[in-house]
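These notes are about the structure you will find just below.
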Amino acid sequence: MGTFASGATHDDCFFELHPTSPELRRALLLAALQLHEEYLGTAVDWSGVLPALLEHFASGMSLRMRSYPRRGKLAFRAYPRESSFLRRRFAKTEVVDCVGGVGRLGNLNDG
C-alpha cells in the first residue's frame, strides 16, 4: 500500500501537503525542477544539486524558484513558511547554473 497525503492548493500553483515524507518532498521537488526545465528550454541533470536543494526544502519551509533562461540559471530562496515580507525579501538567493544540461551551484551574475 502506498503513502497517502492530503493538502491544499492556491491558484493551482502553490501547494501544501500533510504529512510530508522525504520521498514526497523529493518527488515534488523533482516535478518542480522538471517544470523549470521547460522555462529554461533544456533538459537538466539535477543529481549534483538535488541533495542541497532538498536541505532547503525542509518541513515548514517555503522554497521559491525562478528561471533565467537567457543565463541558463535557476535561482531559489528558502525561508520559513510564516516569514514576514522583509524576511522573505531578504532571504539568501542561491543559484543553480544549468548551462550544458548539468546543474551546478553557482552565482547569478556569472556568465
When you scan segment 70-86, do you find a residue that is touching a strand residue (DSSP E or B) at 6+ places or on another chain (Cβ under 7 Å), outside any strand (DSSP E or B), of a type outside the set (D, E, K, R) and within 18 Å of R26 (Cβ to Cβ), even just one? no
With the condition kept exactly as written, say whether any residue in segment 38-47 is polar (S, T, N, Q), in a loop (DSSP other than H, G, I, E, B) and modelled with pLDDT of 90 or more. yes
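Residues checked against (1) under 11 Å from the mean Cα position of the chain (by Cα); (2) hydrophobic (A, V, I, L, M, F, W, C); (3) surrounded by 12 or more Cβ atoms within 10 Å (Cβ to Cβ):
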{"site": "T20", "(1), (2), (3)": "no, no, yes"}
{"site": "H36", "(1), (2), (3)": "yes, no, yes"}
{"site": "G48", "(1), (2), (3)": "no, no, yes"}
{"site": "P51", "(1), (2), (3)": "no, no, no"}
{"site": "R64", "(1), (2), (3)": "yes, no, yes"}
{"site": "Y68", "(1), (2), (3)": "no, no, yes"}
Looking only at segment 70-80, which residues are more than 10 Å from the chain's Cα centre (by Cα), farther than 15 Å from G101 by Cβ and either of a type outside the set (K, R) or crowded, with 16+ Cβ neighbours inside 10 Å (or both)? Y79, P80
Here is a list of conditions, (1) part of a strand (DSSP E or B); (2) within 24 Å of T20 (Cα to Cα), and A91 meets all of them except one; can you say which number that is? (1)
Is it the case, given these coordinates, that R88 is at pLDDT below 90 and either surrounded by fewer than 13 Cβ atoms within 10 Å (Cβ to Cβ) or more than 10 Å from the chain's Cα centre (by Cα) (or both)? yes
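The values are calculated or read from the model by the stated rules, or taken from the named source; none is laboratory data. Computed from a predicted structure; not experimentally measured. Cβ atoms come from the backbone with ideal geometry, glycine included; neighbour counts cover every protein chain shown.
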